[in-house]
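Asker: A single structure is presented below for examination.
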């Protein structure tokens, strides 16, 4: 890059260093740390540092490994692969990489996947009334909808098993709130 430019860039350094970091994160970090520059409008020094330092820690992009989602990246440094996947959907998904590694990515999450033992099945979470593996607003809605005396032993919302849905159950639900 420096050779094609005829020397160190004088404009858009942060943008160029971020691109440079995809192939040579150490070189990009050296330039970032030793040069004075004005950030490109809409960019910031902390963002540029985070981008370059993350790539310096994870290594170069490894195009030899793919995944069954378009929202992934794989990096390699010193023989160690770092796999990242993002799930923009509303349901948790299992992402499988072409090297056999897979992992669960919750809804809306960006995850580092480095083992294939992450279970995507919803865990038995107290207060998870809708079965999505987390306790949140929809569970609160279900609890409120079943407020009062239950007519059945397995009444939804009766988290403490006392035959009614009340403030005690609400307290238990909030005690397990995850989202």
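Asker: Please tell me if residue 9 is under 30 Å from residue 132 (Cα atoms), more than 14 Å from the chain's Cα centre (by Cα) and part of a loop (DSSP other than H, G, I, E, B).
Answerer: no
Asker: Hey, can you tell me all the residues within region 147-157 that are modelled with pLDDT under 85 and outside any strand (DSSP E or B)?
Answerer: 150, 151, 152, 153, 154, 155, 156, 157, listed by residue number.
The values are calculated or read from the model by the stated rules, or taken from the named source; none is laboratory data. The structure presented is a predicted model; accordingly, all values stated were derived computationally and were not measured.
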